[in-house]
Structure formats: structure tokens, C-alpha cells
Amino acid sequence: MNIPTTEDIRNEFNRLYKDGIFREGRYGKTIEIQNAHFLADSDSIIRKPNYEYANREIEWYKSQSLFVKDIPGEVPKIWQMCADKDGKINSNYGWCIWSKENGNQLDYCIKRLVDDPHTREACMIYNRPSMQIDCNLNGMHDFMCTYSTQVFLNEVRSNVYQLDYTVFMRSCDAVYGYCNDCLWAQYVQSLMVDLLNKEGLNVILGDIIWNAGSLHVYERHFRWLT
């Protein structure tokens, strides 16, 4: 099955920019690809990641803290803008997959795969119906961008499985957001491979497939398009 790559997505953004095809948004013009579906074969689409910051963000995710003050180092302005009056947010992705409050999603997913490597139920659910209200509580502006992830173990040879990891997002900034989210996906995918191997399966890294209802570039980032 042919699937677009990150290079194909970058070329499509450049084409839309050249053709002047824009969409008005809350923060001005955007270039948007709706219902984007592609192979995340690179951790960047438009601009290379800030690996130092991405690693700090992953450390914060691992802490499961819902407060931006706990991000190691300087707190990025975007997180300050998202947080409520007390500095609280919804979108700590580590909290989403590890916390008891959100259903121990990673543990559930590993158990389903160990019980049945061919399962189609190995999903980690990040979002929730109450997000429509939770996103604005106490002055917050944080409607979680990721809906869920789904994992498939595909047998590549006898008793050897490839772990393919699928991301489903409501909204994804192609310049900064994608980079950080892709590095998080790579981290979780590698962690799952290690955990499944410890459970006695023989698992190797596979692909990451990206799906976003809205994949977009903000006007302030048009300078990186050609």
C-alpha cells in the first residue's frame, strides 16, 4: 500500500503556499491539510526539532504532572497560554497513558497484545468527551490535540512481530507540534517494544503512521515554506 511520506506532505504545503490557498483561523491565516494521512518517516516536516526542548517535554510527560511549572527548564510560552489561572493543563501525554485516573492505558495496551498479538483492541485513549468542557475550565485553553493511538503487531517472520504505531490527532501544528509529538511517539513505541520483549514476545520496531484531522502551518511560520 502506497502512503504519502513527510516529504510528500512538505511538498504539498509548499504547493498550497505558492498557490495562495489559505484558511483563516483564530491566529490569522493558515495553510491546512485536512484529514492528513502519512508515514511519519522523519521527525520533522517543515523545520528540524529542538531536541533539547523535546527531551525536556518528554521528562515532564514521564512525571505525569498536569502543571506547566513542572516542565524542566524555562516553560514555553505556548504552554503558559494553554494553562488555566493556576498553571494546570489537560495535555500531559504521560498522564494520559500511565495514570490510573485515565485508565492505565499503556498497561492495558501491553496486556491486550500479550494476550493476543493479533488483537485490534490495543488502543491508548488520550481524549475524553468531557474535554469539550474541561478545555476551558478556570481560564484554560487546552483542548487535547491527540485522540488516541493504536498498535498492531504484524508478523514479519515466524514468531517475530513488527510493532506498527498509529497516531490519531484532532489538530497538529506541522512546524513545531509535529516534531515534539513524533519524538514522543517514537519514545512510546520503543518503550512498548522493550516491554513486550520482557513479556516473552519477539518484537521489533515498525512504522509510525500519522493521521490528523487538521495538519497546518501558521502564518507566522510561512517564512519556512518555499
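Each residue in region 1-60 was checked for being over 19 Å from residue 219 (Cα atoms) and in a helix (DSSP H, G or I), and 13 of them qualify. For first residues located in region 1-26 and among the hydrophobic types (A, V, I, L, M, F, W, C), partners that are part of a helix (DSSP H, G or I) and modelled with pLDDT of 95 or more and lie 6+ apart or on another chain with Cβ distances below 7 Å do not occur. Any idea which of 101, 57, 7 is of a type in the set (Asp, Glu), surrounded by 17 or more Cβ atoms within 10 Å (Cβ to Cβ) and at negative phi? One residue alone meets the criteria, 57. Of the residues making up region 10-28, those that are modelled with pLDDT of 95 or more and in contact with a helix residue (DSSP H, G or I) (Cβ under 9 Å, 6 or more places away or on another chain) are 17, 21, 22.
When restricted to residues that are within 24 Å of residue 62 (Cβ to Cβ), of a type outside the set (D, E, K, R), in contact with an Asp or Glu (Cβ under 8 Å, 6 or more places away or on another chain) and not in a helix (DSSP H, G or I), region 100-141 contains 2.
Just one residue in the set 143, 152 is buried (at least 18 other Cβ atoms within 10 Å of the Cβ) and aromatic (Phe, Trp, Tyr); that residue is 152. For region 68-81, the criterion of being part of a helix (DSSP H, G or I), within 16 Å of the chain's Cα centre (by Cα), loosely packed, with under 14 Cβ neighbours inside 10 Å and not β-branched (Val, Ile, Thr) is met by none of the residues.
On the given criteria, is residue 97 touching a strand residue (DSSP E or B) at 6+ places or on another chain (Cβ under 7 Å) and assigned to a helix (DSSP H, G or I)? Yes: the conditions hold for residue 97.
Residues being in a helix (DSSP H, G or I), out of contact with any Ser or Thr (no Cβ under 9 Å at 6 or more places or on another chain), of a type in the set (Val, Ile, Thr) and buried (at least 18 other Cβ atoms within 10 Å of the Cβ) are represented in region 184-200 by at least one member. Residues that are closer than 17 Å to residue 152 by Cα, buried (at least 20 other Cβ atoms within 10 Å of the Cβ) and within 20 Å of the chain's Cα centre (by Cα) within region 111-140 comprise 122, 124, listed in sequence order.
Just wondering, is there one or more residues in region 144-155 that are among the hydrophobic types (A, V, I, L, M, F, W, C), under 20 Å from residue 35 (Cβ atoms) and in contact with a strand residue (DSSP E or B) (Cβ under 8 Å, 6 or more places away or on another chain)? Within region 144-155, one or more residues are among the hydrophobic types (A, V, I, L, M, F, W, C), under 20 Å from residue 35 (Cβ atoms) and in contact with a strand residue (DSSP E or B) (Cβ under 8 Å, 6 or more places away or on another chain).
Using beta carbons and a limit of 6 Å, which pairs, at least six apart or on different chains, have the first residue in region 200-220 and over 10 Å from residue 153 (Cα atoms) and the second one small (Gly, Ala, Ser) and surrounded by fewer than 18 Cβ atoms within 10 Å (Cβ to Cβ)? The qualifying pairs are 214/171; 219/28.
Right, residue 29: closer than 30 Å to residue 191 by Cα, surrounded by 13 or more Cβ atoms within 10 Å (Cβ to Cβ) and in contact with a Phe, Trp or Tyr (Cβ under 7 Å, 6 or more places away or on another chain) or not? No: the conditions fail for residue 29.
The values are calculated or read from the model by the stated rules, or taken from the named source; none is laboratory data. Predicted model only: the values in this text are computed from it and were never measured. Ideal geometry is used to build each Cβ from the backbone, glycine not excepted, and the neighbour counts take in all protein chains shown.
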